[in-house]
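Q: One structure is given below, represented as structure tokens, and several questions about it will come after.
The values are calculated or read from the model by the stated rules, or taken from the named source; none is laboratory data. Keep in mind that what you see is a predicted model, and the values were worked out from it rather than measured. Quick reminder, even Gly has a Cβ in these numbers, built from the backbone with ideal geometry, and neighbours come from all protein chains shown. What goes into the accessible areas is simple: the full protein's heavy atoms, side chains included, and nothing from ligands, DNA or RNA. Shrake-Rupley method; radii C 1.70, N 1.55, O 1.52, S 1.80 Å.
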Amino acid sequence: MKHIIFASCLLFAACNNAPTNEDAAPQVQTDIASVKLYALECGRIDMLDLSLFDKGGAYAGRTNKATSSCYLVRHPKGDLLWDTGLPDALNAIPGGVTNGPFHIEVPTTLESQLTALGVAATDIEYLSVSHSHFDHMGNAGAYASATFLVNEAEHTHLFRDEARNDAETFPAYSALEQAKTVKFTGEYDVFGDATVTIMDMPGHTPGHTVLKLELAKPARCCSAAIYII
Ligand SMILES: [Zn+2]
């Protein structure tokens, strides 16, 4: 049975047949058992004022916690890093820092988790991100040797004047401007075999995307619908 995983701000698993990708090139058969997903913790966020996410006042005075997740997808044709979390540099600040309505900390760096898997930054063939917010872009510049796969609208959003003037976030990914880049619209079949597909899901940002995976086994965390926000 195939298992399809979607990963983004939201991650959920379901056991359905894959939808057809009408725009894809003729598909190459890949043993889906050879495609592996590693979920990495890339920081923690205490949201100190949830009213940031609400225009009607329903969240006034409420707080919540979030995990910033990154994912390494290992495929016979290469590695894909999906999202890069909060900056690894925060690991040097025990207890983290408070920045506006967020308290953020990085107990374990992305780099150290990849090292534990035997993967160096320069080993990674492909980098993509769900979207361009600070908690997904924190280490992106460190992976600029990879080919950057990015929705065209999100690429425009990343390098618009307002983003360039964000002195906290832009330096974390500015190196991507020189990276080998593949811009796409709609769906993008990363390895040409429909096992790893980036899908359009705009709204949170103009070019927000999610990642659809076909795996031989369900993600260990996901025996049923599960949301990691
Ligand atoms: Zn976001």
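Q: Do you know which residues across the range 81-117 are within 16 Å of the ligand (Cβ to nearest atom), at pLDDT 95 or above and exposed (fewer than 12 other Cβ atoms within 10 Å of the Cβ)?
A: Within the range 81-117, no residue meets the criteria.
Q: I need the full set of residues from the range 146-159 which are within 16 Å of the ligand (Cβ to nearest atom) and touching a Leu at 6+ places or on another chain (Cβ under 8 Å), in order please.
A: Matches in the range 146-159: 150, 158.
Q: Separate question: Would you point out which residue out of 63, 84 is among the β-branched types (Val, Ile, Thr) and in contact with a His (Cβ under 8 Å, 6 or more places away or on another chain)?
A: Testing whether each residue is among the β-branched types (Val, Ile, Thr) and in contact with a His (Cβ under 8 Å, 6 or more places away or on another chain) leaves just 84.
Q: Go through (1) modelled with pLDDT of 95 or more; (2) assigned to a loop (DSSP other than H, G, I, E, B); (3) of a type outside the set (Gly, Ala, Ser); (4) open to solvent by 20 Å² or more (accessible area, probe 1.4 Å) one by one and return the number of the condition residue 191 breaks.
A: (4)
Q: Among residues belonging to the range 118-145 that are in contact with a strand residue (DSSP E or B) (Cβ under 7 Å, 6 or more places away or on another chain), open to solvent by less than 60 Å² (accessible area, probe 1.4 Å) and more than 20 Å from residue 207 (Cα to Cα), point out the one that is farthest from the ligand (Cβ to nearest atom).
A: 119
Q: Of all strands (runs of 3 or more DSSP E) completely enclosed by the range 43-150, which ones contain at least 1 residues that are under 30 Å from residue 179 (Cα atoms) and polar (S, T, N, Q)?
A: Here the list reads 64-75, 97-99, 126-128.
Q: Let me ask you something else. Restricting to the range 100-118, and then to whatever is over 17 Å from the mean Cα position of the chain (by Cα) and among the hydrophobic types (A, V, I, L, M, F, W, C), can you tell me which residue is farthest from residue 152 (Cα to Cα)?
A: 116
Q: Looking only at the range 26-63, filter to residues that are within 24 Å of the chain's Cα centre (by Cα) and small (Gly, Ala, Ser); which one of those is least open to solvent (accessible area, probe 1.4 Å)?
A: 43
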